[in-house]
Every structure is written in structure tokens, then in C-alpha cells.
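Bear in mind that the values in this text are calculations on the coordinates, not laboratory data. In this text, all values refer to a predicted model and were calculated from it rather than measured experimentally. Please note: Cβ atoms are built from the backbone with ideal geometry, for glycine as well, and neighbour counts cover all protein chains shown.
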Amino acid sequence: MMSQPEYTTCRNPCRDRGGTPVPGVEQDSVTPQTAPEPKPYRLVALDLDGTLLDNAGRISPEDASALTSFAQRGGIVVLASGRMTANVRPFYDQLGIDGPTIAYNGALSRDSRAVGGGVILETALPARYADELIEYTWRERFHLNYYFDEQLYARDDPELRRFADLYSGQTGAVYRFVPDLACFLGCEPTKLILVTDRTDPEKPDPRHRDELYHVWHERWGSEVTVMRTNPEYLEFYHREASKGRALAAVAAHYGIPQELTIAFGDNFNDVSMLEWAGCGVAVANSNADALAAADWVSPLTNNDSAVAEAMGRLVSR
């Protein structure tokens, strides 16, 4: 049963944040050709939706077995998603293993639960951009997901509730509704998502996702990462936040060299991770950007246990 949303009063919870800079990931993509030679990879990073999870949101027994065996041999399994940490962790429970998480598309990485789940890397969105989106979405009556201190907040607006229901139904996230997101002015959220109607090529509409993407990418494209993920989501991150940068931080934290990391993905938000990893693998259902970034493209889709097949082919013991 889905958890019920919470209703709360709203006070400004901002506090100073700090962090250790991690080098960025500037690297040319590699055109996929023949399968790379097997290596004794020590860390595997996996996107969830469209990659490890099938279209019904499940992990196949074959993929689960491959990852469990890898972990039992001492490998590090990193689940990397746009979801909140709390909505990534249950997949470790399904696998019966533990590991570090890359959440919020790389804006927040945490260590495994066994060692306390401490923050490895956090890259929050500067307040001036978040404040503008709070004011814009209030004025234009859009639904905005505001992520702060591992909680998801949204304005309590019955006319926009269908967007909250859509998001929580897709991710399992639990909302804390507040009267007005203006109480967060001056804060630095982990990320923001404007949730709206998906674009219909036959019926252009300035309130639809892709149309809004072009507006905000033109406005902030060189300053903020504006990203299209699910068809209804327009996401906003610090320009240095990415799965690739987070993977670099996690690998360094565990003392694992770049060349002994392997990553799997399928979408725009996986490109930096596929480029940074020692071997980037795109599943067959990937979009063009992920395919171009990968070192190798699996012949199998997320519905065909692509992860297990690729690990059997590419990971030596």
C-alpha cells in the first residue's frame, strides 16, 4: 500500500551546506563497435528505470542473480537513479545486498547502510534559481517538486494534485504538502522537478513538457542543468551535478580506479556515467544520446535481462 502524504506547516529550514569538490568528467564519447575485452571490474553502476528494471518495474531473476554473485565476490553495486534515496534503497532489499546510492541523478550520493549511509557527494541547486522557479510556478500555476534534506515538498493545491498523484504513483515518493513553497526562498534544494502534461506533437501547448524545456534551457542552459526525463518531468539541477561526477566520487571513496568500473544506462541522464566509467554499456532500448556515449551496446533490452548477459560477457573473475 502506498504511504500517505503528510501535511505540514512551512518554516524556512535553510542551513549552511558544505562539501568537497570532485573533479568533473570531461571525456569524449566512444562509438560502440565490438564488445570490449573482459576485465575484473570491481564496481558496477546501474540506472534503474529502463535499464535494470523492466517495463513493469521489476528486476529479473537473471539480473538479480548476476548482481548478487558480483557482490558476494567483493564487487560494489551502485544503484544510480533520479529518484530520492528512500526510493532507491528498496531495490537493494530486493537484491538482498547493500551498496552506495547515487540519487537525484547524481546530486546526492550516500554510502551503504552498513556503514551509516553518510554523504559522499552533494551538489545542491543555488537558491537564486530555485527561488525563481518557486515564484514562476506559483504565478503560472504549475506543480513543482521541491527536494530538500531528503524530503519531497509541494504546494497544497487541489487543482494540481493529479501531478503529485502521477509522480508518487510512478516512484513511490511520499509528499509533504505545504501551503506555499515560498517558505523555502533562500534555500538550496537537491533538485527540482516541474511536473506537467507530456508533449503532444499534434497539439503544441506552451504548458507541455518539451515546450517548457526549450524556454528554460534557453534561459539557463549554460548555468543550470535542465533535463527531460520521464515524459511529464522537467528537472533542474546544479550544472555540475551528474551521475558521472557522482560515480567518480563513489569510486574514489572506495579506492576503485576508473578503469575497473562498469556502468549501465539508457537515457539522457545516464550519458555522463556511461562516458566516465571504464566501460559504459547501453541497453538496446536506449535513446540516441546513451547509445552514442556507450563503449558497447547490448543486443538485449531492459525486458531481456541485458545486465546479466553483459556482465557474463564483460566481467572476468
* In nm, spacing of pseudo-spin labels at Glu132 and Arg113 (7 Å Cα→C-beta vector) -> 4.0 nm
* Let me have the relative contact order for the stretch 65-199, percent, based on Cα pairs under 8 Å that are six or more residues apart. => 23 percent
* Please list, or write none, the lysines whose alpha carbon is within less than 25 Å of the alpha carbon of Lys243, excluding same-chain residues fewer than 8 places away. => Lys39, Lys191
* Asked: R0 = 41 Å: FRET efficiency of Glu240 with Thr68, Cβ-based, nearest 0.05?
  -> 0.75
* **Equivalent ellipsoid semi-axes - Cα gyration tensor, the stretch 48-204, angstrom** => 32, 20, 12
* Kirkwood Rh (inverse of mean 1/r, distinct Cα pairs), the chain, angstrom -> 19.9 Å
* Structure fact -> Rg (one decimal) and Dmax (whole number) from the Cα set of the stretch 197-317, in Å, equal 16.6, 53
* Radius, Kirkwood style, for the stretch 95-187 when every pair of distinct Cα atoms is counted (Å) -> 14.9 Å
* Descending Cα extents along the principal axes, the stretch 124-238, whole Å -> 39, 32, 25
* To do: Please identify which residues in the stretch 193-211 have an amide N closer than 17 Å to a label point set 7 Å out from the Cα of Glu159, following the Cα→Cβ vector.
  => 195-197, 206-208
* At most 10 other Cβ atoms within 10 Å plus a DSSP loop assignment makes a site exposed; report the longest stretch of the chain without any exposed GluC sites (Glu not before Pro). => 27-201
* Quick one: helix 209-220 against the long Cα principal axis of the chain, what's the angle to the nearest 10°, folded into 0 to 90? -> 90 degrees
* With each label point set 7 Å from Cα along the Cα-Cβ vector, what nm distance links Gln94 and Glu223? -> 3.9 nm
* Hull surface divided by four, with the convex hull built on the Cα atoms of the stretch 212-271: how many nm²? -> 4.9 nm²
* **For the chain: relative contact order, % (alpha-carbon pairs under 8 angstrom, 6 or more apart)** => 25 percent
* Structure fact -> Note: Arg58 to Glu202 extended length (0.36 nm per residue) minus current alpha-carbon separation gives 48.6 nm
